1. For segment 352-398, what does the accessible surface come to per residue with a 1.4 Å probe? Please give it in Å².
2. At R0 = 41 Å, how high is the FRET efficiency between ARG259 and ALA395 if r is their beta carbon distance? Nearest 0.05 is fine.
3. Let me know the volume per residue of the alpha-carbon convex hull for segment 256-375, in Å³.
4. In angstroms, what radius of gyration and Dmax does segment 1-133 have, counting Cα atoms only?
5. Suppose all protein chains stay in the model; what accessible area per residue would a 1.4 Å probe give for segment 122-255, in Å²?
6. Can you list residues whose amide H is under 5 Å from ILE145's amide H, if they're 5+ apart or on another chain and H is modeled 1.01 Å from N?
7. For the pairs LYS44/LYS374; LYS374/LYS402; LYS44/LYS161; LYS56/LYS374; LYS44/LYS402, note any where the Cα-Cα span goes beyond 21 Å.
8. Using the beta-carbon distance between LEU172 and TYR22 and R0 = 41 Å, what value does 1/(1 + (r/R0)^6) give for FRET efficiency, to the nearest 0.05?
Amino acid sequence: MVIVGAGECGARASVALREQGYAGPVTLIGDEPHLPYERPPLSKQAMVAETELPPKTIASMETLRAKQVTCRTGVAVVAIDRATKHVARADGSTLPYDKLLLATGAVARRLRMPGADGPRVAVLRTYDDALHIRAALHPGAKIAIIGGGFIGLELAASARKRGAAVTVIEALPRILSRAVPEDHAAVIAARHQAEEVDLRCGSGVATIRDTGSAVEVTLTAGEKVVADLLIIGIGAVPVTNLAEAAGLAIDNGIAVDERLQTSDPDILAAGDCCSFPLAIYGGRRVRLESWRNAQDQGNLAARNMLGAGEAISAVPWFWTDQYDLVLQIAGLTDAGVATVRRALGDGAFVLFHLDAEGRLVAASGIGRGNVVAKDIRLAEMLIAKRAVPDAAALANPEIKLKSLLAA
């Protein structure tokens, strides 16, 4: 069993193979020099900690050795020979496989314009990226961020906690427009503004120029934003080059079926790098960039590498925490045509998203700390059951969601 990609998904799969009783060789290959580590802390804890934190490992070397997983880091896989069932690495070595899992993840999307790759321009995807950005976050520093999505806003919150001045530039009319309901986005926008973050929505970027002492961003309306560091946070691109070169099907990522099978019966793909059909949404093909999905699919891929033939059943789940606010989303909000609001007190609330038949297809909640976590978890279970709950019951905080689940 060979796994290419030593992130959340790949590392989970390597351990899960052992937990499923597989006794043969397991090799985990990563192109970064670090052991497998968690990525969510990179935009948060790693930025605001008083001292530089090491990567938060998913599996220590001791754990991998105990599980008899061979972890090879720091050398990328450069080719897959499907005919001979070997992978080739950049150092010239090759490795045979019976089953191959591609867990190659995604890379930060780059701006394709002059100046976007300058010395004062950064992206966040790896631990080394995080160290570079962290070094620039200090009182008096000026930070500009292009992109008002999860990563951009988490970094904005972290930068403010470290005393830097922050400007967020978002081309669309509001922040978080990709997957977050407008009501929730408005709460997060207000929280950032209360922290004196300068939100520039509806502002495209015309030029980026390094002045020798700073980076100057000219907006399409003519305004100029000058910063010590410009962070580009405009999403991620799935890593598909290996799969493409090997002739595997590609569709917004490496295309897999409901069992994570690629177009080659001996190659699976999982995590951020692949797109897959979701049965609970009528077979709609999606690609998810989330910590939970990487974990779930890593475990599922391991079982299916061993012949389980299980279909994807997990409900998509996302979260972000900024300052004292936590936003959680279960399901796909854009599948809904109507919403029901449940107030939880102290400004916290959950939106339930229903389709045309009244079926619950998503739930999104925001509040301080973990106040919405229980309702979102129960909503996730209702979504999985394709429940059609009573709208009035959803709106009434006195009616426990657990009772709807039982019904």
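The values are calculated or read from the model by the stated rules, or taken from the named source; none is laboratory data. If you're wondering where the values come from, they're calculated on a predicted model, not measured in any experiment. Note that we place each Cβ from the backbone using ideal geometry, even for glycine, and neighbour counts take in every protein chain shown. Accessible surface is based on the protein model in full, side chains and every heavy atom, while ligands, DNA and RNA are left aside. Shrake-Rupley method; radii C 1.70, N 1.55, O 1.52, S 1.80 Å.
1. Normalised by residue count, the accessible surface of segment 352-398 is 44 Å².
2. So, using R0 = 41 Å, E works out to roughly 0.60.
3. 107
4. 16.7, 52
5. Ligands and nucleic acids excluded, the figure is 41 Å² per residue.
6. The answer is THR167, VAL168, ILE169, ILE231.
7. Pairs exceeding the cut-off: LYS44/LYS374; LYS56/LYS374; LYS44/LYS402.
8. Between LEU172 and TYR22 the formula returns 0.35.
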